[in-house]
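K.L.:
Quick one: the structure is below, questions incoming.
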């Protein structure tokens with residue numbers, strides 16, 4: 001006689017409460033969705049651009065009200081773009097070691113809630129910009145969110161190894177938003193500052209992608225380091241580092257002082273040098289140590305834009 005299958009009736013789990021995220025974990029998860037470190041880096045470029053714009057346009061300091069509004073709405077916009085990005089990328093975040101602890105990958109926050117959260121932040125950011133500083137900054141803010149989440153995250157990131165290059169436009173957009181909030185239009189200096197951030201992002205992110213290239217390969221994301229050899233990645237990093245240095249020097253004939261020029265040459269030269277060191281390690285078949293370039297690139301951008309801020313008082 002065959003044995004009847006046993007139906008196991010499990011008692012109520014005693015660990016369900018422990019597995020349910022606490023209020024603190026949920027709050028922390030929502031904050032994590034906004035990627036605060038990225039937000040900080042974006043604002044580092046926005047505020048100096050506002051000071052330079054005010055000096056160039058009005059020979060004065062920017063309105064404190066405008067600065068506060070742009071910083072607040074800029075943070076909301078960046079948080080919105082990042083939260084929606086986490087919603088879209090939740091499938092691949094679970095496959096990558098670098099992103100496996102994000103809230104949606106860990107089921108700390110329901111995906112629908114994350115999407116709604118991101119949309120609300122975006123609406124507040126665009127609405128705040130429109131009401132307080134004008135239509136151009138609001139349009140640029142909406143465009144940056146749309147470009148990052150729709151053009152980059154959904155399309156470029158998953159289809160081309162040059163996603164990092166073309167995706168750099170949204171990372172450099174805060175410079176234009178800050179400038180437009182002060183002047184209501186664009187100027188050559190605004191585009192130079194935009195260009196610095198645009199070209200800088202390529203070696204900055206290539207270095208990070210080199211470290212986690214296996215993650216991207218496992219997730220099927222065609223980041224250049226995951227689909228090309230390290231030599232090609234290092235060569236392109238060198239090219240874009242030189243481009244960053246070159247465009248940064250254009251600020252001098254547009255009104256920047258000798259202080260800015262000296263800092264741009266020294267810090268930009270070190271940025272280029274570190275990218276050449278990465279290429280040298282590739283050619284010598286040594287450990288690549290890409291995070292050296294990544295960390296210095298962050299320091300470079302922070303130092304350069306702090307100098308832009310100081311320089312605005314000397315122009």
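K.L.:
Please list, short to long, the whole-number percent of alpha-carbon pairs of the chain in consecutive 20 angstrom bins beginning at zero.
P.N.:
With 20 Å bins starting at 0, P(r) equals 30, 53, 13, 3, 1.
K.L.:
Specify the angular offset, from 0 to 90 degrees and rounded to the nearest 10, of the alpha carbon long axis of helix 111-132 from the longest principal axis of the alpha carbons in the chain.
P.N.:
20 degrees
K.L.:
Hey, another quick one. Relative to the longest principal axis of the C-alpha atoms of the chain, give the angle of the C-alpha long axis of helix 290-312, reported between 0 and 90° and rounded to the nearest 10°.
P.N.:
The helix 290-312 is inclined about 40 degrees to the chain.
K.L.:
Also: Taking Cα pairs under 8 Å and at least six residues apart, what relative contact order does the range 29-312 come out at, in percent?
P.N.:
20 percent
K.L.:
Using Cα centres only, tell me the gap between the range 59-108 and the range 212-234 in whole Å.
P.N.:
24 Å
K.L.:
Here is a follow-up. Taking the chain as a Gaussian network, where each spring joins two C-alpha atoms under 10 Å apart, which residue of 28, 302, 248 fluctuates the most?
P.N.:
Top of the fluctuation ranking is 28.
K.L.:
Going by C-beta contacts inside 10 Å, put 170, 86 in order with the fewest on the left.
P.N.:
Result, fewest neighbours first: 170, 86.
K.L.:
Any idea what log10 I(q)/I(0) is at q = 0.14, 0.21 Å⁻¹ for the range 242-315, Debye with uniform C-alpha scatterers and no solvent?
P.N.:
Each listed q maps to, in turn, -0.48, -0.85.
K.L.:
Over the range 163-315, what number does the Rg to Rh ratio reach, with both radii from the alpha-carbon atoms and Rh per Kirkwood?
P.N.:
Details: Rg = 16.3 Å, Rh = 16.1 Å.
Rounded to two decimals, Rg/Rh equals 1.01.
K.L.:
Tilt of helix 258-283 relative to the longest C-alpha principal axis of the chain, in degrees (0 to 90, nearest 10)?
P.N.:
40 degrees
K.L.:
Please arrange 286, 25 by counting, for each residue, the other beta carbons lying within 10 Å of its beta carbon, fewest first.
P.N.:
Fewest to most other Cβ atoms nearby, the residues stand as 286, 25.
K.L.:
I've got another one for you. Assuming a ≥ b ≥ c are the square roots of the Cα gyration tensor eigenvalues, decide whether the range 233-277 counts as rounded (a/c under 1.5), prolate (otherwise, with a/b larger than b/c) or oblate.
P.N.:
Oblate, because a/c is 1.5 or more while a/b does not exceed b/c.
K.L.:
Could you list 40, 274 so that the one with the fewest beta carbons within 10 Å of its beta carbon is first and the one with the most is last?
P.N.:
The most exposed by this proxy come first: 40, 274.
FYI, it's all coordinate maths here, none of it is from the lab. It should be emphasised that the depicted structure is a prediction, and the values quoted were computed from it without experimental measurement. Note: ideal-geometry Cβ built from the backbone for every residue, glycine included; neighbour counts use all protein chains shown.
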